[in-house]
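These notes concern the structure reproduced below.
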Amino acid sequence: MSKRAATYRNWNVEARVYTYLDAPESQEFVASRIMAINPASVLDIGSYRGALWGRLLQIGYRGTYTGVEIAGKPLAVAMTRYGHYDARHDFIHADAREIRLPPAEFVTIGGVFWYFDGPEARAFIAKVWEETGCKWILVSDPERCKNDLYKMEGPGIEHGTFVMPVETRNASRKYIFFDASAKEAVH
Ligand SMILES: C[S@@+](CC[C@H](N)C(=O)[O-])C[C@H]1O[C@@H](n2cnc3c(N)ncnc32)[C@H](O)[C@@H]1O
């Protein structure tokens, strides 16, 4: 595990509460991208307190959802709010790099690449394609995140920015979206 990821596991998210990420509305951009495609299944890597599942429920998503979260405290909040598991959703407490990821059509990875460097990030994206069998991957982070993953260009790769619709100092986020035709570019 990289030093920064270890720090994340042991201190940062365990100790801090990012209240602006608590509101389901904070996930509006990601949720609307998901709804535009309407996949049968979503995997949310870095699910924090479960706000994306909350937003998907609010806007009538009908498929299944799995959240994977490395930090126990925010995950416990998600499980208290929504339950650990039912036929529609599941929350898994794990470092997403260390488990075999479950199948999903659409994978979203939000606020996670702050903590992995470029080659490790690319290897993780390749693992996501391979293990989940997904057709779409949406990665988003605060705009100041310098991860080299965001420099990727090619067919099936879309870049953009969006503003979180909740009050926060770091509202501007960037994203990179891969469709299945980008798969070969990420090794
Ligand atoms: C800042 S929050 C972002 C929450 C939400 N996904 C978003 O984009 O607004 C990032 C979350 O990713 C989690 N995380 C970081 N590295 C992870 C890993 N390797 N596996 C699973 N979760 C991870 C953190 O613990 C944290 O809860």
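Computed from the coordinates by the stated procedures, all read-outs in this text should not be read as laboratory data. Note that the structure is a prediction, hence the values are computed from the model and not measured. All Cβ positions, glycine included, derive from the backbone under ideal geometry; neighbour counts span all protein chains shown.
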Some residue of the stretch 174-182 being closer than 17 Å to Ile45 by Cβ, in a loop (DSSP other than H, G, I, E, B) and in contact (Cβ under 8 Å) with a residue 40 or more places away in the chain: no
Every residue from the stretch 56-97 that is within 14 Å of the chain's Cα centre (by Cα), under 20 Å from Ile34 (Cα atoms) and not small (Gly, Ala, Ser): Leu56, Tyr65, Thr66, Val68, Glu69, Phe91
Number of the condition not met by Ala123 [criteria: (1) within 12 Å of the ligand (Cβ to nearest atom); (2) among the aliphatic types (A, V, I, L, M); (3) farther than 20 Å from Tyr61 by Cβ]: (1)
Residue list for the stretch 43-63, restricted to those being aliphatic (A, V, I, L, M) and in contact (Cβ under 8 Å) with a residue 60 or more places away in the chain: Leu43, Ile45
So Arg122, is it closer than 20 Å to Asp44 by Cβ, of a type in the set (D, E, K, R) and surrounded by 17 or more Cβ atoms within 10 Å (Cβ to Cβ): no
Matching residues, the stretch 156-184, being under 30 Å from Glu131 (Cα atoms) and loosely packed, with under 11 Cβ neighbours inside 10 Å: none
Qualifying residues in the stretch 127-173 (those that are of a type in the set (Ser, Thr, Tyr) and not in a strand (DSSP E or B)) - the one nearest to the ligand (Cβ to nearest atom): Thr168
Residue match in the stretch 52-73 (condition: in contact with a Phe, Trp or Tyr (Cβ under 6 Å, 6 or more places away or on another chain), more than 16 Å from Pro102 (Cβ to Cβ) and of a type in the set (Gly, Ala, Ser)): no
